[in-house]
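Only one structure is covered here, and it is reproduced in the block below.
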Amino acid sequence: MKISRIPAGKMLTALLYAILSLNVACAMEPKQATDKSTALTQSYIWYDGDREQKVWLNPQVVAEFNPSSEGESLVKSINPAAMIVPTKHKQATIRLWQMDNTADAATRNLKARLPQGRFSAVLHDGPSSGGRMRALPGNIIVYLNPQWSEAEVSSWLAAHKLAVVKKLAIGPNIYVIKTGPGMEALDTANTLYRSGEVKAAFPDWWQEVVTR
């Protein structure tokens, strides 16, 4: 039988290095998992045509659309520790803020103090902060009865006190309808769909760009 002749000092060094590497790996594992995502509990429904979909509120992130220096100053005045959340793909039309206080309260406060600003809660497609992000810049997309005449469409819009942003060319009587940003857009879309008066109604979502 061949006996190893590795010096005892070198064997001890190698053993200590292996133990140290294992301890470092174990210590890092929980931190990586925590950084990756956190569980979300508050969910909302929206309707993709006739399909019920669910999204989960991130209680500590606020989206600012068409970001400005005025918006940044206001966010910092409300929450001095607020930090910009990096996105996978930078988009000039949106800035995400990590807030210490609840995003819902922060969003209401921001809207009250800067009415012309466009702020929204951030939601995710799954029950964790690692899920794809969505936000509500304002406006909804509505599919009306394709058989309606222009007069019937105008009458319906007037009855509901709704204004058209534009008509879409993807089918008959499909419109972008004006709403405010944030949960107002989701609530309006859900109310219209549940009324049974429209074929479909859903927010004109901002969605995080995800590389497949």
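Every read-out reported here was derived from the displayed coordinates using simple, explicitly stated rules and does not represent laboratory data. Not measured: the values here are computed from a predicted model. Counting neighbours? That spans all protein chains shown, and the Cβs are built from the backbone with ideal geometry, glycine included.
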Discussion item. Please list, ordered by chain and number, the residues whose modelled amide H lies under 5 Å from the amide H of THR38; skip anything fewer than 5 residues away on the same chain.
Written reply: SER129, GLY130
Fill in: Per-residue ³J(HN,Hα) for region 114-122, Karplus 6.51 cos²θ - 1.76 cosθ + 1.60, θ = phi - 60°, Hz, x for Gly and Pro
9, x, 7, x, 10, 10, 8, 5, 10
Fill in: region 156-188 and region 61-107: distance between their alpha carbon centers, rounded to Å
27
Item to complete: Calculate, for ILE84 and TRP148, the FRET efficiency according to 1/(1 + (r/R0)^6) with r their C-beta to C-beta distance and R0 45 Å; round to the nearest 0.05.
Response: 0.50
Worksheet item: Where Lys and Arg each count +1 and Asp and Glu each count -1, what net charge lies around ILE174 among other residues with Cβ under 13 Å from its Cβ?
Response: +2
Practice prompt. Provide LYS166, LYS178, LYS161 in ascending order of the number of other Cβ atoms located within 10 Å of each residue's Cβ, fewest first.
Written response: LYS161, LYS166, LYS178
Item to complete: Name the long-range amide H neighbours of LYS199: under 5 Å, sequence gap of 5 or more, or other chain; modelled H, no Pro or chain starts.
Response: TYR143, LEU144, ASN145
Discussion item. Run the reach check for LYS54 against aspartates and glutamates, Cα to Cα strictly under 13 Å, same-chain hits fewer than 8 apart removed. What comes back?
Written reply: ASP125
Response to the item:
With a 24 Å threshold on alpha-carbon distance, the violating pairs from LYS111/LYS161; LYS90/LYS166; LYS111/LYS178 are LYS90/LYS166
Worksheet, complete the sentence: With R₀ set to 25 angstrom, the calculated FRET efficiency between the beta-carbons of LYS166 and VAL210, to the nearest 0.05, is 0.40
Discussion item. Under a Cβ-only charge scheme (Lys and Arg +1, Asp and Glu -1), can you give me the dipole magnitude of region 58-131 about the Cα centre, in debye to the nearest 20?
Written reply: 140
Item to complete: Mind checking which of ALA92, ASN109, PHE119 is farthest towards the positive end of region 58-131's charge dipole, using Cβ charges of +1 (Lys, Arg) and -1 (Asp, Glu) about the Cα centre?
Response: ALA92
Practice prompt. For a quick protection proxy, order the peptides 40-51, 199-210 by their average other-Cβ count within 10 Å, most packed first.
Written response: 199-210, 40-51
Fill in: 10 Å binning of all Cα-Cα separations within region 58-131, expressed as whole percents from 0 upward
20, 58, 21, 1
Worksheet item: Whole-Hz Karplus ³J(HN,Hα) for region 147-159, in order, using 6.51 cos²θ - 1.76 cosθ + 1.60 and θ = phi - 60°, x for Gly and Pro?
Response: 8, 5, 7, 4, 5, 5, 4, 4, 5, 5, 4, 5, 5
Worksheet, complete the sentence: Per residue convex hull volume, Cα only, region 88-212, in Å³ is 148
Response to the item:
In order over region 196-204: 3J(HN,Hα) from phi, Karplus 6.51/-1.76/1.60, θ = phi - 60°, whole Hz, x for each Gly or Pro, gives x, 8, 10, 6, 7, 7, 8, x, 7
